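Okay, so here's the structure we're looking at.
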Amino acid sequence: MLIAIVSGARPQFIKLAPIIQEMLVNESIDIYHIHTGQHYDKNMSEVFFDELSIPPPDINLNINNGTHAELVGRMLTKLEKELLRKKFDAILVAGDTDSTLAGGLVASKINIPVIHLESGLRSYDYTMPEEINRRVTDHISRLLITTTKIATKNLLNEGINRNWIFQTGDTMIDAIMRNVDKSEEKSDVLKKLEVKEKEYILLTLHRKENVDNKQRIVSILESIEEIEIEKVVYPIHPRTLKKIAQFHLESLLDNPKLIVTKPLGYLDFIKLEKNSSIILTDSGGIQKEALALNVPCVTLRDNTEWCETLDVGANVLVGSNKQKIVNTVNNLLNRMKEGFFTEWENPYGDGKSSVRITNEIIKRFQNGQLNIPTNIMVQNLVIDDL
Ligand code: UD1
Ligand code: UDP
């Protein structure tokens, strides 16, 4: 079996790495890894292949910068050419970025079965580019790999054929389990940044709904001043850096509490996650990683597609309201001083999902279950139901 894997953005390298590792040692499958080029700085892309022990992609299409339409448009054109060069039996796309959408759309149009990793997530926020990308990709996929029951249920509610869904755990958990000890051993990031275990907060911020909105970004960064902790480590995403410059908000980074760094490599980053007292973020993946590492997460969003993190009590949504952020974080810090200890059961699997996913893809291919059907009715609603 020959599978094309399409990636492009930082979290995709991480969630795909454990599957790539499995496929590389499995004789029944060959991979061809296409990087769209969406993320291109060394520390947003190249650093991860080395650190996650996977080979660099076979090709980089170098498509980046531009509006969503420009980006996806250019990706569609170049990806089509690339996918027509070989006889691919399937394509694997992951998550909900523009690279995911472009890969899925091109492949489905040229009748290559699409496999969507991290399928079925819903934030129900239709203004988010990610929500559009994931919904469209799900509905053109032939195999939908879900992480939990909630994601599976979301798909069933949308009329997706039950037999096309494969529910297993989350490969980001595989990645973190495979690398957490290595990061403890190899990374000297705490020393470099002069922070001590559990004496700082880790902050990340990059979502369009936050950083493209001046009021929200100001409110979030101002909240840091009133948080009762000495140090906040802030690896800044390139999107946010650009927006801060565009809105002339550089002074907000001039806060003695803030330790601003470039985006960090995976090993440094997970070491910082594990040793922080609280994680403050609007990232998707980091909400799950915080849970896996038993670090409380305060999420700077009004909704989350990772609702299990809320259900187990590992995460709380605070949006961008300054007072709400300050109160929530200070309250948590006080409880921790009094000995509040966090440990949650992880709903995202046992760290072996990538093995199951690899085996399932090969099995379904060999059984003909990845073939694209020409006459399957997904739901058989009769007119009286309407
Ligand atoms: C993208 C995803 C988002 C994901 C995030 C992970 C979409 C629609 N959004 O958002 O879901 O959470 O990646 O980090 O796909 N830039 C650089 N250097 C880089 C990467 C980006 O300068 O290495 C700049 C781009 O030129 C652009 C801005 O950052 O100006 C945003 O990049 P883009 O890839 O469009 O979206 P992200 O915000 O990174
Ligand atoms: N990450 C990293 N370095 C950083 C920030 C994040 O390695 O400086 C990793 C983090 O451990 C997680 C992933 O990047 O695995 C999350 O990516 P991001 O927040 O960019 O995207 P999202 O998950 O929100 O789509």
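Listing for the model above:
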item	result
Residue among Ile14, Ile20 that alone is away from ligand 1 (no atom under 16 Å from the Cβ), assigned to a helix (DSSP H, G or I) and crowded, with 19+ Cβ neighbours inside 10 Å	Ile20
Matching option when the condition is under 24 Å from Lys262 (Cα atoms), outside any strand (DSSP E or B) and open to solvent by less than 30 Å² (accessible area, probe 1.4 Å), among Ile160, Ile201, Ile220	Ile220
Residues (open to solvent by 50 Å² or more (accessible area, probe 1.4 Å) and in contact (Cβ under 8 Å) with a residue 24 or more places away in the chain) located in the stretch 110-139	Asn111, Tyr124, Thr127, Ile132, Val136
Lone unmet requirement of (1) hydroxyl-bearing (Ser, Thr, Tyr); (2) more than 16 Å from ligand 2 (Cβ to nearest atom); (3) open to solvent by less than 30 Å² (accessible area, probe 1.4 Å) for Thr97	(2)
Total residues in the stretch 27-47, condition of a type outside the set (Asp, Glu) and farther than 29 Å from Lys363 by Cβ	9
Selection from the stretch 178-208 of residues that are in contact with a helix residue (DSSP H, G or I) (Cβ under 7 Å, 6 or more places away or on another chain) and under 11 Å from Thr240 (Cα atoms)	Thr204, Leu205, His206, Lys208
Qualifying residue in the stretch 124-135 (condition: more than 12 Å from ligand 1 (Cβ to nearest atom), part of a helix (DSSP H, G or I) and within 17 Å of the chain's Cα centre (by Cα))	yes
Members of the stretch 53-88 found to be in contact with a Leu (Cβ under 9 Å, 6 or more places away or on another chain) and part of a loop (DSSP other than H, G, I, E, B), listed by number	Ile54, Pro55, Leu61, Ile63, Asn64, Asn65, Lys86, Lys87, Phe88
Any hit, the stretch 163-180, residues being touching a strand residue (DSSP E or B) at 6+ places or on another chain (Cβ under 9 Å) and free of Cβ contacts under 8 Å to residues at least 12 places away in the same chain	no
Filtered residues of the stretch 267-285 (kept if within 13 Å of ligand 1 (Cβ to nearest atom) and open to solvent by less than 20 Å² (accessible area, probe 1.4 Å))	Thr281, Asp282, Ser283, Gly284, Gly285
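Quick grid of which residues meet (1) more than 27 Å from Asn213 (Cβ to Cβ); (2) touching a strand residue (DSSP E or B) at 6+ places or on another chain (Cβ under 8 Å); (3) outside any loop (DSSP other than H, G, I, E, B):
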position	(1), (2), (3)
Ala290	no, yes, yes
Thr304	no, yes, no
Glu308	yes, no, yes
Val316	no, yes, yes
Val326	no, no, yes
Asn331	no, no, yes
Glu343	yes, no, no
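The values are calculated or read from the model by the stated rules, or taken from the named source; none is laboratory data. Nothing here was measured: the structure is a model prediction, and the numbers come from that model. Glycine also receives a Cβ, built like all others from the backbone with ideal geometry; neighbour counts cover every protein chain displayed. The accessibility values were calculated without ligands, DNA or RNA, using every heavy atom of the protein model including side chains. Shrake-Rupley method; radii C 1.70, N 1.55, O 1.52, S 1.80 Å.
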